[in-house]
Amino acid sequence: AFCSFTSLNRQATAYGWLKWTLFERVQTASEVAVNFDRLFQETLPDLYQHFKDNEIPDLLWINKWFQSCFLYSFPLGLCLRIWDNILAHGTKFLFQMSLAVLMLIEDKMYRLGLSEINDYFKLFKEEVDDDNPIKNFEKLI
């Protein structure tokens, strides 16, 4: 929360903050999906191709992450840290966080098909699972 507050104060005056908050161009869901798809392809080309080869739909994972700001898929403690960073750094943090998670689980993804990937993404919410790569991720943010 403090990082978010100091970031907002650095944005400029009260008018600058209002302008930054209210008048920043908001992307539609399809624009967000297209932008992330491009970043995913550039950043992790092999994993991107694996997802395309296995016909893993964006609705299965990335749309859930973005539309719920990760709340549907990740533990609450991690979501709070993500939201802090979104307030501090803007919506680009959604992309950064998503790519970081994919980098963290990249090796595991190559061994999984469509149904297994869907089940694996559901594990993220369960904080007690020892096989969960996300459980310690909040310490890194």
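Just so it is clear, none of the values below were taken in a lab; they were calculated from the coordinates. Since the structure is predicted, the reported quantities are computational estimates derived from the model, not experimental observations. Neighbour counts run over all protein chains shown; Cβ positions are idealised from the backbone, glycine included.
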inquiry  = Cut-off under 13 Å on the C-alpha distance; same-chain residues fewer than 8 positions from Lys125 excluded. Which aspartates and glutamates are left, in chain and number order?
reply    = Glu138
message = Give me the extension gain from Lys64 to Lys122: residue separation times 0.36 nm, minus the current Cα-Cα distance, reported in nm with one decimal.
response = 19.8 nm
ask   = Label-point separation (nm) for Ala100 and Trp83, each offset 7 Å from Cα along Cα-to-Cβ?
value = 1.7
inquiry  = Could you compute the net charge surrounding Asp37? Neighbours are other residues with a C-beta less than 14 Å from the C-beta of Asp37; K and R count +1, D and E count -1.
reply    = -1
